[in-house]
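The values are calculated or read from the model by the stated rules, or taken from the named source; none is laboratory data. For clarity, every value in this text was computed on a predicted model and none was experimentally measured. Methodologically, a virtual Cβ is constructed for each residue, glycine included, from the backbone with ideal geometry; neighbour enumeration extends over all protein chains shown.
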């Protein structure tokens, strides 16, 4: 059964939200603009903003309530990736599971088509998408987890998760 589809997009979008303290590299002094209950952990990377938007670029309201067939994108504004010959080489994965622990999606290589790397500007504005296309039963929530890592520096990464509700 096909439950969802996933796409990777590079998207330029600016948003201002309230400041929240995010634990980064064991340091709680970092301040980032994080919305939608997104949980983040990073090493060697500066996450400036993280929030959820829909397909048209509108913010997903706090509470993360969505509809079936509504595409949800996590938008990350990030800096600190390593450059090699003017390009950034990233690897990314995304996984979605139900509140019962059923795996709905497990994508391990979202950047496989970018073997020649991406521009540092594009690497600073990353968007990962999730779309729930069918529901066979009602779950308490859907948890989407992701990890983006620097292929040029194994110590640099950002990972996190967020929950969506019907």
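The residues in the stretch 50-60 that are in a strand (DSSP E or B), touching a residue at least 24 places away in the same chain (Cβ under 8 Å) and either in contact with a helix residue (DSSP H, G or I) (Cβ under 8 Å, 6 or more places away or on another chain) or over 12 Å from residue 163 (Cβ atoms) (or both) can be counted, and the count is 4.
Can you say whether residue 157 is surrounded by fewer than 20 Cβ atoms within 10 Å (Cβ to Cβ) and within 30 Å of residue 31 (Cα to Cα), as far as the supplied structure shows?
Working: surrounded by fewer than 20 Cβ atoms within 10 Å (Cβ to Cβ): yes; within 30 Å of residue 31 (Cα to Cα): yes.
Answer is yes for this residue.
So, residue 6, is that one modelled with pLDDT under 95 and surrounded by 15 or more Cβ atoms within 10 Å (Cβ to Cβ) or not? In short, yes. For the stretch 35-47, which residues satisfy the criterion of being under 13 Å from the mean Cα position of the chain (by Cα) and either at pLDDT below 95 or in a strand (DSSP E or B) (or both)? Scanning the stretch 35-47 gives 39, 40, 41, 42, 47.
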